[in-house]
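S.K.: The following block contains the structure, expressed as structure tokens.
Just so it is clear, none of the values below were taken in a lab; they were calculated from the coordinates. Please read these numbers as outputs of a predicted model, since none were measured by experiment. Don't worry about glycine lacking a Cβ; one is built from the backbone with ideal geometry, like all the others, and counts go over all protein chains shown.
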Amino acid sequence: MDNNAIVYALSANKKMAIDIVKQLGLKMGESEVIHFADGETIVENNTTVRGKNVYVIQSTCPPVTERLFELLIFIDGLRRASAKEINVIIPYFGYARQDRKVRPREPITARLGSGYATKCWGKSHYRYRSTYSSNSRLFYLSHR
């Protein structure tokens, strides 16, 4: 058991995170995702992470943009709380299919999402596996 590791699940992968924590004997961090009436979101971390290795498990399943923004907000909070290392595990990245331009003047949304994420994560690590496309992984690597 690693006493320096904490695993978090946001709103998308709670069951998966609980299974991982049980299997590996790690500590589950406490967090709360709050949605306000006007559509704003706040993600509160209720566990001390200073000097800890943190693992966050969050897919961007529907509603995709909401799940991605939850992750960005939470990672920003972990960085400000002085986590030693932040590892992000994304079992499903919802914008992976938008990894290239099909028509002129069309955005490459996978690159946009990964750009925001890596700017927020800084020098943190991510684990991303897509059954659809390997191109999105290149976007993450190019933003490091």
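S.K.: Please give, to one decimal in nm, the separation of the simple spin-label points placed at PHE69 and ASN4, each 7 Å out from Cα toward the Cβ.
M.R.: Once both label points are built, they end up 3.6 nm from each other.
S.K.: Which order do peptides 21-34, 42-55, 79-92 fall in by mean Cβ count within 10 Å, highest first?
M.R.: 79-92, 42-55, 21-34
S.K.: Also: What are the aspartates and glutamates whose alpha-carbon lies under 13 Å from the alpha-carbon of LYS14, with same-chain residues fewer than 8 places away excluded?
M.R.: Excluding near neighbours in sequence, the set is GLU30, GLU32.
S.K.: So, in nm, how far is label ASP76 from label GLU30 when the simple model puts each one 7 Å beyond its Cα toward the Cβ?
M.R.: With each label point 7 Å from Cα toward Cβ, the separation is 2.5 nm.
S.K.: Taking 21 Å as the cut-off for C-alpha to C-alpha distance, list the pairs among LYS27/LYS52; LYS22/LYS84; LYS15/LYS84 that go past it.
M.R.: LYS22/LYS84; LYS15/LYS84
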